[in-house]
Amino acid sequence: MLSNHFQNGIETAKLVWSRLPNSEEEGETGGDLDDDITFRKLSEGSSESLDYEVIENYAYRKEQAQRGKLYVGYYVAVKWFFALLIGIGTGLAAVFINIAVENFAGWKFAATFAIIQKSYLLGFLVYILINLALVFSSVCIITQFAPAAAGSGIPEIKGYLNGVDTHGILLFRTLVGKIFGSIGSVGGGLALGKEGPLVHTGACIASLLGQGGSTKYHLSLRWLQVFKSDRDRRDLVTCGCAAGVAAAFRAPVGGVLFALEEVTSWWRSQLMWRVFFTSAIVAVVVRTAMGWCKSGKCGHFGSGGFIIWDISGGQDDYSFEELLPMAIIGVIGGLLGALFNQLTLYISYWRRTCLHKKGNRVKIIEACLISLITSIISFGLPLLRECSPCPEAEANSDIECPRPPGMYGNYVNFFCSKDKEYNDLATIFFNTQDDAIRNLFSAKTFHEYSAQSLLTFLVMFYTLAVVTFGTAVPAGQFVPGIMIGSTYGRLVGMFVVNFYKKLNIEEGTYALLGAASFLGGSMRMTVSLCVIMVEITNNLKLLPLIMLVLLISKAVGDAFNEGLYEEQASLRGIPLLDSKPKYQMRTMTAKEACRTQKVVYFPRVIKVADLVSMLRTNKHNGFPVVERARNGESVVIGLILRSHLLVLLQSKLDFQHSPMPCDLAGGSIPIRHNLGEFVKPVSSKGLSIRDIHLTSDDLEMYIDLAPFLNPSPYVVPEDMSLTKVYNLFRQLGLRHIFVVPRASRVIGLITRKDLLIEEHEESETLELQSTSVRDRRPGKRVARGADTEQPLLDGLLVQR
């Protein structure tokens, strides 16, 4: 009878396995178009630039003229309200993830410790199966439901805030996949963390709130659909990123600095206040949840979970002689961090180009195989290590040696023949990562670990972290980096203790410095990482030392390659614009940069058939619009976006029978479109020319583009250096820049005083201190508001 049940289970597993899609194309049928293209786009490195520039067309100016001060106040209040919602939502998501991970880990270790009291082999099998089940659930969620939720998500979010939208990264299904996938991958014991996914989770929550929810899953609310531009959504996503870091590390100030230093490309003082407010709300939510869980209502959620390793009772002073080994820790962190970045880049490239192209089944097999290897190493290696006798307990110490069966922490009794013995390798290997780091950071635990055990763990865990990074599961690198760094830091600390023979030297202090050095050498963060390490350790006295090792490790790492997120963004085909232009741009001009491009023009009034034909024959996203002037020359009157043209073609409201242009100066043009209609949904493909269906009569009609184009795009002269163009493009968050011939005359000159607007309360009029430029001819003065004709373009610089 038992054999029949076993045979039925095998047949059921085979049936389920046969129904799994074997390729991305098979798994893309039957869903929402915006979501179905996600994995294919990610695989091809496809991305699209965002429209952070304000399109000041006729409809926009008309709408702005109708808004008063009351609406402006309402708009600001809504932004602060959304910041509150983002903080609450991200905090609750972090609480749910941490409670779930800690409970799964607690049940796993409790069951394993209970079983190994009778049979180590049976406990080994149970341990492997539990980990395998959790990892299998995680990889199935990613491959079958939310492929964009794989990885940490920070490179994609960094690209979004830099002006590049990668399809699928901020969808509702990505949020769900990120939350539940993180629970399975971290709870399954893989060498990865949940901190990076929490940043992505916060960004998804912010984006969904900004667009009013998800229309596909019928979770949208009209009263939330306030922000219609990519600029406002960018600010919300910035708040979400900071909230994710604040929730992951309980470091609100570190979250603000992380958003400022690592992910954002544009920053304003008003945004900083909202980001700080969001991080503070997250801290309150997390603190409230932890207080509620102290009563035992959260199961195994206890000292683990939210990361905070209090080492305030450790080393409180340091001598000049210790600076040399601390600097050595910084050098080691820079070398190992740069090596980690390079190895993960090679393996990730091989995965994307060879392994993952074979289909979803290969991804599932790969993740399960890595889970199996990780379980065997974490359970098997401590069995090969001899146990050590427990140290003499101090009177005021709360550390128990060994830990009772079913508990995990310091001094784990694992495969020991005597009661008063512990296995130092099992203390860090057969444990959750949070508790293992807490053990490595712990003070007053001299000689708890042998150098052989620490070196064995360093080599094995470093290898596992490199191999695991890039699998089809949500994966963060903060905690694995802290694990690696704290291991070699503790090794250096053991050497310093034995060499200097000083009683005030703590091995845990050097473990903290090692963790900071590896993260600095890999991620290349300095200020935000320094504050995060201080906040999670609750020891401000170590701030100068953390600053020292971070500066050294970053300098060493920069000598070899770029940071982890920059390398991964480049691998994914995300065209990030760095803060500084390339050196060779200094000798190039704007005309040289766009000389290979063919500019596609649209006349102001164009036939619908010609418009459709031109949209089908090229993939440009911006088109200059020209108009025939009175003297017969063609002049540029503005820029129109492809997405706006598709909206006009789909609605058909602005089609006209006559090829004559409308009169914009008269102000009698009816506004038939809401500005929100022209905004592309976040992280989706949006409209395509293939989605437009027009009759033969429609194709014979005309459309006037003047009311919908941007009449004031940014323009640069053709001989401007590419360095200045680069800085202008990045700092303003542009998508297109016109390159025009050198202007023949000047109609005005704006100085600082011209931008100072004085408002008189009584008359409510605005006064401008204006400046003008005299023509070279005597007695001739050029009027400030004179109309000028813009010559034709030499080229068009775009961000693809």
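The values are calculated or read from the model by the stated rules, or taken from the named source; none is laboratory data. Remember, it's a predicted structure, so these values are computed and weren't measured experimentally. Counting neighbours? That spans all protein chains shown, and the Cβs are built from the backbone with ideal geometry, glycine included. In case anyone asks, the SASA skips ligands and DNA or RNA and just uses the protein heavy atoms, side chains included. Shrake-Rupley method; radii C 1.70, N 1.55, O 1.52, S 1.80 Å.
Out of the range 342-382, which residues are among the charged types (D, E, K, R) and open to solvent by 40 Å² or more (accessible area, probe 1.4 Å)? Full working, then the answer.
Here is the first cut: in the range 342-382, the residues among the charged types (D, E, K, R) are 351-352, 357-358, 361, 363, 366.
Within the range 342-382, R352, K357, K358, R361 qualify.
Inspect all residues belonging to the range 400-419 and state whether any of them is in contact with a helix residue (DSSP H, G or I) (Cβ under 8 Å, 6 or more places away or on another chain), crowded, with 22+ Cβ neighbours inside 10 Å and at pLDDT 90 or above.
Within the range 400-419 (the criterion being in contact with a helix residue (DSSP H, G or I) (Cβ under 8 Å, 6 or more places away or on another chain), crowded, with 22+ Cβ neighbours inside 10 Å and at pLDDT 90 or above), the answer is no, since none of the residues qualifies.
In the range 257-302, how many are farther than 21 Å from A105 by Cα and not in a helix (DSSP H, G or I)?
5
Any residue in the range 131-151 that's more than 13 Å from V186 (Cα to Cα) and modelled with pLDDT under 95: show its pairings with residues that are open to solvent by 20 Å² or more (accessible area, probe 1.4 Å) and among the charged types (D, E, K, R) at Cβ separation under 7 Å, as long as the two are six or more apart or on different chains.
That search, which allows pairs on different chains as well, returns F145/R173; A146/R173.
Out of L648, L653, which single residue is more than 25 Å from the chain's Cα centre (by Cα), open to solvent by less than 20 Å² (accessible area, probe 1.4 Å) and either over 22 Å from E48 (Cα atoms) or not aromatic (F, W, Y) (or both)? Break it down stepwise before answering.
Details: L653 fails: open to solvent by less than 20 Å² (accessible area, probe 1.4 Å).
Only one candidate qualifies: L648.
Filter the range 427-467 down to residues that are modelled with pLDDT under 85 and open to solvent by 50 Å² or more (accessible area, probe 1.4 Å), then give me how many there are.
4
Kindly indicate the residue of the range 161-177 that is of a type outside the set (S, T, Y) and part of a helix (DSSP H, G or I) and also nearest to the chain's Cα centre (by Cα) among those meeting that condition. Break it down into steps so the answer makes sense when it comes.
Step one: of the range 161-177, the residues of a type outside the set (S, T, Y) are 161-165, 167-173, 175-177.
Retained after the next criterion (residues that are part of a helix (DSSP H, G or I)): 161-162, 172-173, 175-177.
Details: L161: 9, N162: 11, F172: 16, R173: 16, L175: 13, V176: 16, G177: 15 Å.
For the range 161-177, the residue satisfying everything is L161.
For the range 443-501, enumerate the residues that are among the polar types (S, T, N, Q), in a loop (DSSP other than H, G, I, E, B) and touching a Lys or Arg at 6+ places or on another chain (Cβ under 9 Å).
First, pick out the residues of the range 443-501 that are among the polar types (S, T, N, Q): 445, 450, 452-453, 456, 463, 468, 471, 477, 486-487, 498.
Add one more test, that the residue is in a loop (DSSP other than H, G, I, E, B), and what stays is 445, 450, 471, 477.
S450, T471, listed by residue number.
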